[in-house]
1. Does L125 satisfy the criteria of being away from ligand 1 (no atom under 16 Å from the Cβ), crowded, with 21+ Cβ neighbours inside 10 Å and under 21 Å from P278 (Cα atoms)?
2. Can you list the helices (runs of 4 or more DSSP H) lying wholly within the range 91-206 that have 3 or more residues being at pLDDT 95 or above?
3. Might you check whether a residue that is exposed (fewer than 14 other Cβ atoms within 10 Å of the Cβ), more than 16 Å from ligand 1 (Cβ to nearest atom), assigned to a strand (DSSP E or B) and aliphatic (A, V, I, L, M) occurs anywhere in the range 15-26?
4. State whether one or more residues within the range 366-375 are in contact with a Pro (Cβ under 6 Å, 6 or more places away or on another chain) and either more than 26 Å from P217 (Cα to Cα) or outside the structural domain of E421 (by TED's automatic domain parsing) (or both).
5. For the condition part of a loop (DSSP other than H, G, I, E, B), modelled with pLDDT of 95 or more and assigned by TED's automatic domain parsing to the domain that holds S61, what is the one hit in F390, F385, F406?
6. Here is a list of conditions, (1) within 16 Å of ligand 2 (Cβ to nearest atom); (2) on the phi > 0 side of the Ramachandran plot, and G34 meets all of them except one; can you say which number that is?
7. Scanning for something modelled with pLDDT under 95 and surrounded by fewer than 20 Cβ atoms within 10 Å (Cβ to Cβ), does the range 288-296 turn up at least one residue?
8. Scan (1) surrounded by 19 or more Cβ atoms within 10 Å (Cβ to Cβ); (2) in contact with a helix residue (DSSP H, G or I) (Cβ under 7 Å, 6 or more places away or on another chain) for the single condition W238 breaks and write down its number.
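The values are calculated or read from the model by the stated rules, or taken from the named source; none is laboratory data. Everything numeric here is computed off the predicted structure, so don't read it as measured data. Reconstructed Cβ throughout: ideal geometry from the backbone, glycine too, with neighbour counts over all protein chains shown.
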Amino acid sequence: MTESTTNLAAFDAARRVMPGGVNSPVRAFGSVGGTPRSLVSASGPYLRDVEGREYVDLVCSWGPMLLGHQHPAVLDAVHAAVDRGLSFGASTPDETRLAELIRSIVPVERVRFVSTGTEATMTALRLARGATGRNLIVKFAGCYHGHSDGLLASAGSGLATQALPGSAGVTEAQAAETLVVPYNDEAALREVFAVHGENIAAVITEAVPANMGVVVPNDGFNQFLRTLTAKHGALLIWDEVLTGFRATATGGWGLSGEPEGWAPDLWTFGKVVGGGMPVAAVAGSAEVMDLLAPLGPVYQAGTLSGNPVAMAAGLATLGEATSNPEVYATLSQRSEQLQQLLSEALTGAGVDHSIQTAGTLFSFAFGTSATGVHDYAQAQSQEAFRYGPFFQTMLDHGVYLPPSVFEAWFVSSAHDDAAMERIAAALPHAARAAAAATA
Ligand SMILES: Cc1ncc(COP(=O)(O)O)c(C=O)c1O
Ligand SMILES: N[C@H](C=O)CCC(=O)O
């Protein structure tokens with residue numbers, strides 16, 4: 001490839017060699033239009049593209065960059081790890097340290113590292129089936145747990161953005177083993193368990209759904225999931241890939257009183273645990289986790305699992321987040337400030353909206369002030385056509401938002417006053433563009 005000097009030239013070149021020009025569909029700007037930015041560098045709260053333009057980053061690599069880009073402690077740890085070797089395909093002290101650190105924050109006994117959130121949830125399902133000898137999995141419409149076959153039905157994130165009910169290539173048998181229930185709907189869950197209870201291996205839920213926009217669990221909903229699954233001998237899989245160590249210092253865990261008296265059977269983590277490198281994990285009680293090979297009969301493996309450079313990035317990121325109280329204080333403060341600026345701008349332009357908040361995570365939905373958003377049907381029925389013009393105007397003013405109305409906004413502890421001022425200046429223009437949009 002010759003060096004591309006414009007985003008368009010870079011995207012054209014990418015389209016010739018990669019499907020849709022991307023390596024993950026949400027990057028293609030499909031629902032917002034325009035040319036995806038081809039990024040070449042990032043530092044603190046800023047991204048830079050091939051044209052030399054700078055953007056305030058409100059995607060943060062879809063969550064991992066909790067400390068912003070090129071945080072000195074993370075860079076030092078990664079450089080030191082690189083100097084020791086890129087990959088050994090064997091055990092290392094740092095993977096034990098990272099597992100210990102995770103265990104000191106959330107109530108799990110064993111951790112198995114993998115490279116992606118998809119692998120983590122896929123492994124959790126296999127463990128649940130291995131532990132129970134049952135086949136069926138219950139998931140919620142609009143929740144996204146990665147792209148493994150059984151979890152793509154009515155999934156959020158890129159499938160919500162492209163309005164896809166599922167994916168081609170998933171066998172009928174696999175689809176039939178996934179029962180999809182509306183989020184926050186206790187009656188529907190009771191009904192599913194009344195009919196299929198003896199065959200359900202697990203319920204998988206996002207700790208706080210954030211892939212159909214943020215949707216806050218109703219009071220007592222997570223407790224209900226715990227009680228119902230335990231009653232029927234099914235496992236509760238708690239997906240914290242997105243929320244873990246980001247929504248709060250623990251994650252979605254702890255947001256609505258969950259630690260009082262109960263815990264899920266299996267957890268999945270990703271994103272922040274790798275600090276920007278490919279790391280994810282499945283974790284849980286020794287009883288369930290020790291069913292994994294080499295101790296137990298449930299097989300799981302990975303050539304690059306626990307990669308030493310990735311472990312160093314995860315340890316440095318989570319280490320800084322847990323030892324420096326300013327990190328979560330700043331995240332909270334910036335998130336609240338951003339929500340206020342967003343709401344003021346939209347209200348000022350007469351755009352009806354609601355904001356859904358879970359700790360430091362939030363998203364907004366157009367035309368939903370009367371109801372808020374409590375499930376996927378409500379998320380889908382919003383005035384999504386307003387987001388494209390809103391997004392493009394923010395981009396023109398140097399602010400990089402998620403290219404989908406169904407994704408959460410991510411801040412970092414590096415978002416400073418200058419970054420917030422740029423966002424504040426852009427928002428009124430974007431709100432006016434949203435107001436002027438027609439379906
Ligand atoms: C809640 C949740 N689970 C699982 C995944 C899958 O993670 P990955 O993209 O690393 O495979 C994601 C995001 O992609 C996610 O948000
Ligand atoms: N919503 C997804 C992760 O949380 C977006 C990341 C991707 O699919 O590329």
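1. No: the conditions fail for L125.
2. On the way: elements: 93-105, 117-132, 158-161, 172-176, 186-196.
The qualifying helices (runs of 4 or more DSSP H) are 93-105, 117-132, 186-196.
3. No, there is no match, as no residue in the range 15-26 is exposed (fewer than 14 other Cβ atoms within 10 Å of the Cβ), more than 16 Å from ligand 1 (Cβ to nearest atom), assigned to a strand (DSSP E or B) and aliphatic (A, V, I, L, M).
4. Of the residues in the range 366-375, the ones in contact with a Pro (Cβ under 6 Å, 6 or more places away or on another chain) are 375.
Cutting the leftovers down to either more than 26 Å from P217 (Cα to Cα) or outside the structural domain of E421 (by TED's automatic domain parsing) (or both) gives us none.
For the range 366-375, residues in contact with a Pro (Cβ under 6 Å, 6 or more places away or on another chain) and either more than 26 Å from P217 (Cα to Cα) or outside the structural domain of E421 (by TED's automatic domain parsing) (or both): absent.
5. After applying the criteria, what remains is F406.
6. Failing condition for G34: (1).
7. Among the residues of the range 288-296, not one is modelled with pLDDT under 95 and surrounded by fewer than 20 Cβ atoms within 10 Å (Cβ to Cβ), which makes the answer no.
8. (2)
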